[in-house]
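Trainee: Attaching a single structure in structure tokens format; questions to follow.
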Amino acid sequence: MYSDPKPSFSFLILLFLCLQPLIFSLSTDASPPPTVCIVGSGIGGSSVAHFLRHYFHPSPSQPRPPNIKIFERSYVVGGRMATVSIGGETFEAGASILHPKNCHALNYSNLLGLKVKPPPASEDDDSMSLGIWDGKKFVFKTLQVDSKFPLLQKIVSYVNSFRIFFRYGFSLLKMGSFVESTVDSFLKYYESPERRPIFETVDEMLKWAGLYNLTTQTLQDELIGIKLSPLLIEELVTVITRINYGQSVYISGLAGAVSLAGSGGGLWSVDGGNWQMASGLINSSDVSLHLNEEIESISYLGEYYELNSTKRNSYSCEVAVVATPLDEVNIRFSPAVSIPERKLQHTHATFVRGLLNPAYFGLRTVAEIPELVGTLEEPDLPFTCISVLKQLDENDTTYKIFSREPMSDALLDSIFSARLQTNRINWGAYPHYKAPELFAPFILDGQHLYYVNAFENAASTMETSAVAAENVARLILSRYFSEASLQSSNLQSFSPDADVSHFDL
């Protein structure tokens, strides 16, 4: 008798019903995706989340992307990116300007649909007036013209360029070449991931790009080495480093070169506030955001980390990332971690709506005061710079003042003849640079505890934080998600509907 070797349909159904409990058990017992906890919601922390999503590709061992939690001790995101409102206008209070070759920031703006704008005229405009103040007099001032005729403004701009060149000579060209060479080396960090190593230390990251030697001696020594004139170093270079880092030409060479690059043309910012980059990256990265929750301890318990917050909450994660400077936070680590001692340079940003007092500067009228007053490295000078943010009318102007110490009311009353509004912000803005620099590692414990801000000892900007964060994200994926591809995915531009809470300072 002939029998059909194929199983009957009813037999298949019976077999499926018998195996269904086992199949269900296997699917529900599948391990959940790992969790990455990020402490800090500034450009560093938000960039780590972005690049983890950007580079992750499923693999047999890790089919699902990680869960990401971000903890922010403030009630707003952005870290050292924030805005302040003066007279109904919004101005950058923290990290203010971006370089035209800051590729990550430009990409963020494009992806998030953010509108970019040039900074206020006093920060990036050939027609701005500049004065270098030594505490008693202006040692140099550019010509000023109160005219709306573009031709006249252009003529004055050419005359001022000639006067600056006459004062500092060909050293200006040498300084430009020094900055350009440094920027070109930094651009190596934007090469495709397939061509770039993944770095476990800041030292090797800098050596690969040819930037490490700049951290071993001061900016002054670097500039003397390329035979810049002492007058240029003493005046213009000093003014720039005091404005951008609140420090003298004795900062390390790389930080100094970055500072000089931040004084060039083509600078930009995000319309409405640079903090929107962090907000947009967090919104688009499928992140669980914990605002107003400070992490006070991180403990490694063998297979995972336990994070405890000031709200008495505990969180478990397989990977922990610190994306905030450890210099002035009280996070307890168990086991303890060791990093080089570092001080933060505090910058006091004072915003005043009012009118400067010309007598303070030995002048007769307000119109004679330059729009940007830079200062020399003199111990008795109470501020590093004063700049015009916006002139509403001849008796009402908004100014920004940077200083190393708080500006008292008595001091402000001597500098200003009238004050309608005053806002003060104290920033732990950037490291206090010194050469040779020592660097904390990106991996703090040899396991999966990472430190984005280790790179800040090289230079501290929004873009350098993004570059360090991108490397840390690749480091996490290569070490924990060892089979995950690190090739860039094809992300589409997006405009997130949800908006992370943010308020002006």
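The values are calculated or read from the model by the stated rules, or taken from the named source; none is laboratory data. Remember, predicted model here, so these are calculated numbers, not experimental data. We place every Cβ from the backbone using ideal geometry, glycine too, and count neighbours over all the protein chains shown. Just so you know, the surface numbers come from the protein's heavy atoms only, side chains and all, with ligands and any DNA or RNA stripped out. Shrake-Rupley method; radii C 1.70, N 1.55, O 1.52, S 1.80 Å.
Trainee: Among DSSP bridges having both ends in the chain, what percentage is antiparallel? Round to the nearest 5. Present the calculation step by step, with values, prior to reporting the outcome.
Mentor: Details: 51 of 74 bridges.
Around 70 percent of the beta bridges assigned by DSSP in the chain are antiparallel ones.
Trainee: How far is it, in nm, from the label point at Ser316 to the one at Ser59 when both lie 7 Å from their Cα along the line to the Cβ?
Mentor: 2.4
Trainee: Give me the accessible area per residue for region 184-250, probe 1.4 Å, as a whole number in Å². Don't jump to the answer; show the numbers that get you there.
Mentor: Values: 2870 Å² over 67 residues.
Dividing the accessible area of region 184-250 by its residue count gives 43 Å².
Trainee: While we're looking at this one, here's another question. What does the convex hull of the Cα atoms come to per residue for region 380-469, in Å³?
Mentor: 149
Trainee: Classify region 106-207: rounded, prolate or oblate, from the alpha-carbon gyration tensor (a ≥ b ≥ c, eigenvalue square roots; a/c under 1.5 rounded; otherwise prolate if a/b is larger than b/c)?
Mentor: prolate
Trainee: Separate question: Quick one: if the Förster radius is 25 Å, what FRET efficiency do Cys103 and Lys207 give, using the C-beta to C-beta distance and rounding to 0.05? Before the final figure, lay out the partial values.
Mentor: Values: r = 21 Å, r/R0 = 0.85.
For Cys103 and Lys207, the calculated efficiency is 0.75.
Trainee: First measure r as the distance between the Cβ atoms of Val366 and Gln153, then evaluate 1/(1 + (r/R0)^6) with R0 = 22 Å and state the FRET efficiency to the nearest 0.05.
Mentor: Efficiency, from the Cβ-Cβ distance: 0.65.
Trainee: For region 323-352 and region 221-283, compute the distance between their C-alpha centroids and round to whole Å.
Mentor: Comparing the Cα centres of region 323-352 and region 221-283, I get a distance of 21 Å.
Trainee: Placing +1 at every Lys and Arg Cβ and -1 at every Asp and Glu Cβ, with all other atoms neutral, what dipole size does region 344-497 have around its Cα centre, in debye to the nearest 20? Could the numbers behind the result be given before it?
Mentor: Details: 10 positive and 18 negative charges, 34 e Å.
The calculated dipole for region 344-497 is roughly 160 debye.
Trainee: Something else: Give, as ranges by residue number, the residues of region 425-462 whose backbone N falls under 18 Å from the point 7 Å along Cα→Cβ of Asp221.
Mentor: 432-439, 457-459
Trainee: Report in % the part of the accessible area of the chain that belongs to carbon and sulfur, leaving out ligands and nucleic acids; probe 1.4 Å.
Mentor: Looking at the chain in its full context, I get 54 percent from C and S.
Trainee: Which entry in (1) 1.01; (2) 1.23; (3) 1.08 is this structure's computed Rg/Rh (Cα atoms, Kirkwood Rh)?
Mentor: Given (1) 1.01; (2) 1.23; (3) 1.08, the calculated one carries the label (3).
Trainee: State the Kirkwood hydrodynamic radius of region 26-176 in Å, one decimal place, computed from all pairs of distinct Cα atoms.
Mentor: Details: mean 1/r = 0.0480 Å⁻¹.
Taking every pair of different Cα atoms in region 26-176, averaging 1/r and inverting gives 20.8 Å.
Trainee: I'd like the distance between the alpha-carbon centres of region 304-319 and region 391-450, rounded to an integer number of Å.
Mentor: 32
Trainee: If you stretched the chain out fully between Glu405 and Glu180, how much longer would it get, using 0.36 nm times the residue separation minus the C-alpha to C-alpha distance?
Mentor: 77.7 nm
Trainee: Let me ask something else. Please give, to one decimal in nm, the separation of the simple spin-label points placed at Ser74 and Ile425, each 7 Å out from Cα toward the Cβ.
Mentor: So the two model labels end up 0.7 nm from each other.
Trainee: OK, next. Would you be so kind as to identify which of Pro63, Gly113, Tyr158 lies farthest towards the positive end of the dipole of the chain, taking Lys and Arg as +1 and Asp and Glu as -1 on Cβ and the Cα centre as origin?
Mentor: About the Cα centre, the residue reaching furthest to the positive side is Tyr158.
Trainee: Now for a separate question. Quote to one decimal, in nm, the extra length available between Tyr250 and Glu194 on full extension: 0.36 nm per residue of separation minus the C-alpha distance between them.
Mentor: Here the segment from Tyr250 to Glu194 would lengthen by 16.4 nm.
Trainee: Mind giving me the FRET efficiency for Glu294 and Ser338? R0 is 22 Å, r the Cβ-Cβ distance, nearest 0.05 is fine.
Mentor: Calculated value: 0.45.
Trainee: On to the next question. What do you get when you divide the Cα radius of gyration of region 280-377 by 2.2 N^0.38 Å, with N the number of residues?
Mentor: Cα Rg divided by the expected 2.2 N^0.38 Å: 1.84.
Trainee: With a cut-off of 17 Å, note down the residues of region 224-260 whose backbone N falls inside the zone around a label point 7 Å from the Cα of Asp134 toward its beta carbon.
Mentor: The answer is 230-240, whose backbone nitrogens lie closer than 17 Å to the label point.
Trainee: Around Thr375, under 9 Å between beta carbons, what's the net of Lys plus Arg minus Asp minus Glu among the other residues?
Mentor: -2
Trainee: What does the helix-only formula give at 222 nm for the chain: each DSSP H stretch with n ≥ 4 adding -39500 (n - 2.57), the total divided by the residues, and the result rounded to the nearest 500 deg cm²/dmol?
Mentor: Theoretical 222 nm ellipticity from helices: -9000 deg cm²/dmol.
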